[in-house]
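The values are calculated or read from the model by the stated rules, or taken from the named source; none is laboratory data. Bear in mind that the values here come from a model prediction, so they are computed numbers and not experimental data. Note: ideal-geometry Cβ built from the backbone for every residue, glycine included; neighbour counts use all protein chains shown. When the accessible area is computed, the model is the full protein with side chains, heavy atoms only, and any ligands, DNA or RNA have been set aside. Shrake-Rupley method; radii C 1.70, N 1.55, O 1.52, S 1.80 Å.
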Amino acid sequence: MDLQGTFGGAGAGGIVELVDWDGTVVWSYVVANDSLRQHHDVHPMPNGNVLILCWEYHTREDMEANGIAANNFVQQYWSERIIEVNPTTHEVVWQWRAWDHLVQDVNPAALNFGDVAASPGRIDLNYNNYSGGSPDWLHANALDYNPERDQVMINLRNMNEIWIIDHSTTTAEAATSSGGNSGKGGDILWRWGSPETYRQGTTEDTQLFAQHDAQWIDDFVDENYAHYGAIAVFNNLINFSLTTGISRGQIITPAWDAATNEYGMDGNTFLPATYSETFQHPASSANYSPIASSIQVMGDGHVLMCAARQGRSFELDEAGNLVWEYRTPLRYGFPVAQGQTISVSENFTFQMERYPEDFPAFTGRDLTSKGFIELFPNEDYCTLTDVADLSTNTPFSLFPNPAKEVIYLQTPENQLPMDVSIYHTTGQMMKRVSITQSNQPIDLSALPAGGYYLKGEEGGNKAVIFTIVKS
């Protein structure tokens, strides 16, 4: 479909579709014109409707009428609108507009004039510290729904914030500051990440940095899980650097009072004071992506993350150990040979999600392997990573792990000599040495940081396999 005549930037969409198992489009909905455009995310609801995240176009005249500062020379703003669409009727049955909840303190003659610091539920029209002069003022990039509280979560990259709003309102109430379960209409019920945005802190108080994939921890998670109902987020730009950039997965646990339908605050600042928990790949650089990316906290304590620009997805266990890792074997969407080097962003992977084996959509479906994605796969290597082959309760040990320059393999004397091969997780053999004595050092200094497998062989027979992390 031709989307000419609309507007948008990074993350722009415009067509929302429901596709069945066989690839047939069973529902299609267009949100793309000169005033509204779908972008980044949608969310199916338990009632069968679909929440859709949209940019809402505002002219310079509209911005000035609402109190934009004179020294802001941006000629248009793309605000955020959330619409709820019934796929059967194509009717918009509910909506929320950020533009209905503004506050500004620069022009008494304009709309929304008030005390920003005393209005934590409203949005300061003149806060645009991280928009870089772009009309994409807020840059929301994720959307979620909480059926237990009937609330919607929206993630704002350019505000370094996550917001929660009340979905129990009518559309008319959502445009005001009254109504709904919490009695606050469409005002923000909870916001977190940068209290500077509502004049309750400074830049030094910021805890979210260009974050992505904010979500309630409730998908495929038992209600008895310790973090059930908390919020998971991929915090992208804790430190920005081409070589030492830091991204982390984190959990935030808001203070929710079910009796009052309110979120807890310390004075005028929303709680909590900081994160509940932080996760990272054992090799810090393997976690880093300044844009996109995702996190999934699973009910068994494991965490799945995707560092988008690296095309790297990985799973950590409860102790933070790396138990699974995958590099998307595509360059700009086309398969590459196994072991071929892929540069940053060439295999860009927006998100990764794990579904349980008993997921209803899998019932009656053929889930057997359909073959390899990559070209010229090394099928022998695939037997190497079989869980049954991983060494546990053996006389072998490997230390330190993670390693930096050198790693040592402790080997029983009756297993020597032993040939050892080190493979990158893509399957490419990186190093081969002969071990003639126990605790013999293996030099890793020439290998880049990342995940590897060590395979030891005695007389051609597989004897030991270890996972290595080089930091």
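Structural remarks
- Size of electric dipole in region 30-112: Cβ of Lys, Arg +1 and of Asp, Glu -1, about Cα centre, debye, nearest 20: 120
- Region 4-96 - convex hull of alpha carbons, volume per residue in Å³: 122
- Computed from backbone phi with θ = phi - 60° and the Karplus coefficients 6.51, -1.76 and 1.60, the 3J(HN,Hα) list for region 228-245 is 4, x, 7, 10, 9, 8, 9, 8, 6, 10, 4, 9, 9, 6, 5, 10, 10, x Hz; x is used for glycine and proline.
- Above-threshold pairs, the threshold being 22 Å between Cα atoms, out of Lys404/Lys431; Lys370/Lys455; Lys404/Lys455: Lys370/Lys455
- Here's how it looks for Phe7: its modeled amide H is under 5 Å from those of Asn33, which are all 5 or more places away or on a different chain.
- Size of charge dipole - region 196-349 - debye, nearest 20, with Cβ of Lys, Arg +1 and Asp, Glu -1, no other charges: 880
- Paramagnetic reach from Ala109 (point 7 Å along Cα→Cβ, amide N under 12 Å) across region 74-99: none
- Farthest toward positive dipole pole in region 211-302 [+1 Lys/Arg, -1 Asp/Glu at C-beta], among Thr260, Ser284, Thr244: Thr244
- Given 13 as the ceiling on other Cβ atoms within 10 Å, longest exposed-site-free region of the chain for trypsin sites (Lys or Arg not before Pro) in DSSP loops: 1-364
- Full-extension gain in nm, Ala226 to Glu17, via 0.36 nm per residue minus C-alpha separation: 71.7 nm
- Charged neighbours of Leu156, selected by a Cβ distance under 9 Å, balance to 0 (K, R count +1; D, E count -1).
- Extension gain from Ala337 to Tyr355, taking 0.36 nm per residue of separation minus the Cα-Cα distance: 3.7 nm
- Close amide-amide hydrogen proximity is noted between Ser168 and Asn181, each under 5 Å apart and 5 or more residues distant or on a separate chain (H modeled in the peptide plane; Pro and chain starts excluded).
- Per residue Cα convex hull volume in Å³ - calculated over region 86-126: 83
- Per residue accessible area of the chain, 1.4 Å probe, in Å²: 46
- Excluding same-chain neighbours fewer than eight residues apart, the aspartates and glutamates reachable from Lys470 by a Cα-Cα span under 15 Å are Glu325, Glu405, Asp443.
- Estimated FRET transfer efficiency when R0 is 25 angstrom, pair Tyr326-Ala446 (beta carbons, to 0.05): 0.55
- Value of Rg to Rh for region 152-227, rounded to two decimals, is 1.04; Kirkwood radius and Rg both from alpha-carbon coordinates.
- Accessible surface of the chain, 1.4 Å probe, proportion on carbon and sulfur as whole %: 50
- Per-residue packing, averaged as other Cβ atoms within 10 Å, sorts the ranges 413-424, 165-176, 257-268 into the order 165-176, 413-424, 257-268, beginning with the highest.
- Spin-label pair Val26/Phe376, simplified geometry with 7 Å Cα→Cβ offset, distance in nm: 4.2
- Taking the chain and dividing mean pair separation by its residue count, relative contact order in percent (alpha carbons under 8 Å, at least six apart): 7
- For region 193-201, 3J(HN,Hα) computed residue by residue from phi via the Karplus equation (6.51, -1.76, 1.60; θ = phi - 60°) reads x, 7, x, 4, 5, 10, 6, 10, x Hz, glycine and proline entered as x.
- For region 201-319: rounded, prolate or oblate by the Cα gyration tensor [a/c cutoff 1.5]: oblate
- Cα Rg over Rh - region 79-166, Kirkwood: 1.01
- Percent breakdown of C-alpha pair distances by 20 Å bin, ordered from the shortest bin, for the chain: 21, 50, 24, 5, 0
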